[in-house]
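Chemist: The following block contains the structure, expressed as structure tokens.
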Amino acid sequence: MHMPLEDTLGLNLLAANQHQAEHNREHFDAWRLLCINLMSSPGAGKTSLLERSLAALATDLSMAVLEGDMTTQLDAERLEAVGVPVVPITTGRACHLDAAMVSGGLKLLRQQLDPACLDLLWVENVGNLVCPAEFEVGEHRKVALLSVTEGDDKPLKYPVMFREADCVLITKTDLLPYLPVEVERIEAHIRAVNPRCTVIRVSASTGEGLEAWHSWVRQQLAQQIAQLTPAMVLA
Ligand SMILES: Nc1nc2c(ncn2[C@@H]2O[C@H](COP(=O)(O)OP(=O)(O)OP(=O)(O)O)[C@@H](O)[C@H]2O)c(=O)[nH]1
Ligand SMILES: [Mg+2]
């Protein structure tokens, strides 16, 4: 079968990315940490959620953040203020992080600390509802955020990210009383494209749902560590 050149290039690009992502994951496993990739459209609340979650989980977990942004370090500065190590990754024109960029971020992180002392490595992806879902970075879990202000049709219109997600957070639920949107419909549309994911309603403003979200994170960490084999840790 003859494939158009641009399709072949696209496949090669994704295969090279996948290879690097697997390499990143080998490092994560050797360091015995859980890596979570947070993805959403711009402004759905990734950084606001992290501000709350880092502060709450830091009581007993050691964490760092790789912070993807196209041009600024504004989010990295917000998260640094919480007192957690943050490495900004500026992507320039790219609308997503890829595995090579994350590998570069890891090199910088290793200049600050030994990642083997971490329990959790957060990746905040570039705000975009399409591209980040196409590029694995080696993460163990994908979490998609969808704010209630975006409308209930987004899981159906942009299914890839929601289909791939292990957990979908419906964010900004404090705004529901002011919007012509039904949270049940948002949830039904998420379930229509991905029946197996966990769905949690949260508000970074009021704190609603954060306990359930943090329990989910702790559960994933425990599962991830439990399934490591000595060969993976010594790799
Ligand atoms: N009402 C309300 N506003 C929120 C909530 N979470 C975030 N916001 C607001 O939404 C805006 C965007 O939040 P961010 O946390 O910067 O969103 P983000 O997903 O990190 O944005 P990008 O990194 O630019 O994609 C800010 O003005 C926040 O104050 C929430 O739970 N409720
Ligand atoms: Mg952000």
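Nothing in this text is a laboratory measurement; each read-out follows from the coordinates by a stated rule. What you are looking at is a predicted structure, and each value in this text was computed from that prediction instead of being measured. Glycine also receives a Cβ, built like all others from the backbone with ideal geometry; neighbour counts cover every protein chain displayed.
Chemist: Given the options HIS214, LEU156, GLN73, identify the residue whose Cα lies farthest towards the positive end of the charge dipole of the chain (+1 on Cβ of Lys, Arg; -1 on Cβ of Asp, Glu).
Modeler: The Cα lying farthest towards the positive end belongs to HIS214.
Chemist: Based on Cβ point charges of +1 for Lys and Arg and -1 for Asp and Glu, what charge dipole magnitude is obtained for the range 9-82 about its Cα centre, in debye rounded to the nearest 20? Spell out each step's value before the answer.
Modeler: Values: 5 positive and 10 negative charges, 34 e Å.
That gives a dipole near 160 debye.
Chemist: Given charges of +1 on the Cβ of Lys and Arg and -1 on the Cβ of Asp and Glu, with all other atoms neutral, how large is the dipole of the range 104-209 about its Cα centre, in debye to the nearest 20? Intermediate values should be presented prior to the final figure.
Modeler: On the way: 12 positive and 16 negative charges, 35 e Å.
Using Cβ point charges on Lys, Arg, Asp and Glu, the range 104-209 gives about 160 debye.
Chemist: Over every pair of different alpha-carbon atoms in the chain, take the mean of 1/r and invert it; report that Kirkwood radius in Å. Each step should come with its number before you reach the end.
Modeler: On the way: mean 1/r = 0.0548 Å⁻¹.
Final number for the Kirkwood radius of the chain is 18.2 Å.
Chemist: Same structure again: Taking 2.2 N^0.38 Å as the expected size of a compact globular protein, what ratio does the Cα radius of gyration of the range 34-125 give against it, to two decimals? Could the numbers behind the result be given before it?
Modeler: Details: Rg = 12.2 Å, N = 92, 2.2 N^0.38 = 12.3 Å.
Taking N as the residue count of the range 34-125, the ratio is 1.00.
Chemist: Can I ask one more? Are there any trypsin sites (Lys or Arg not before Pro) in the range 1-101 that are in a DSSP loop and have at most 13 other Cβ atoms within 10 Å? List them by number. Kindly include the intermediate steps, with their values, before the conclusion.
Modeler: Working: sites: ARG25, ARG32, LYS46, ARG52, ARG78, ARG93; in loops: ARG32, ARG93.
Loop-located and lightly packed - ARG93.
Chemist: A further question follows. State which entries of LYS107/LYS157; LYS107/LYS142; LYS142/LYS172 exceed 30 angstrom in Cα-Cα distance in the structure shown. Each step should come with its number before you reach the end.
Modeler: Numbers: LYS107/LYS157 37 Å; LYS107/LYS142 22 Å; LYS142/LYS172 19 Å.
Cα-Cα > 30 Å for LYS107/LYS157; rest within.
Chemist: Please compute P(r) over all alpha-carbon pairs of the range 122-235, binned at 10 Å starting from zero, and give each bin as a whole-number percent.
Modeler: Distribution as computed: 13, 41, 33, 10, 3, 0 percent.
Chemist: Moving on to the next point. Would you mind ranking ASP98, ASP60, ASP75 so that the residue whose beta carbon has the fewest other beta carbons within 10 Å leads the list? Walk me through the numbers before you get to the answer.
Modeler: Details: ASP98 24, ASP60 7, ASP75 21.
With the fewest neighbours first, ASP98, ASP60, ASP75 line up as ASP60, ASP75, ASP98.
Chemist: Which of the trypsin sites (Lys or Arg not before Pro) across the range 126-230 are loop residues per DSSP, with 16 or fewer other Cβ within 10 Å? Could the numbers behind the result be given before it?
Modeler: On the way: sites: ARG141, LYS142, LYS157, ARG163, LYS172, ARG185, ARG191, ARG196, ARG201, ARG218; in loops: LYS172, ARG196.
Listed in order of number, the matching sites are ARG196.
Chemist: Between beta-carbons, use under 12 Å as the cut-off and find the net charge around LEU145, counting Lys and Arg +1, Asp and Glu -1. The partial results should precede the final answer.
Modeler: On the way: positive: LYS46, LYS142, LYS154, LYS172, ARG201; negative: GLU124, GLU150.
With Lys, Arg at +1 and Asp, Glu at -1, the neighbours total +3.
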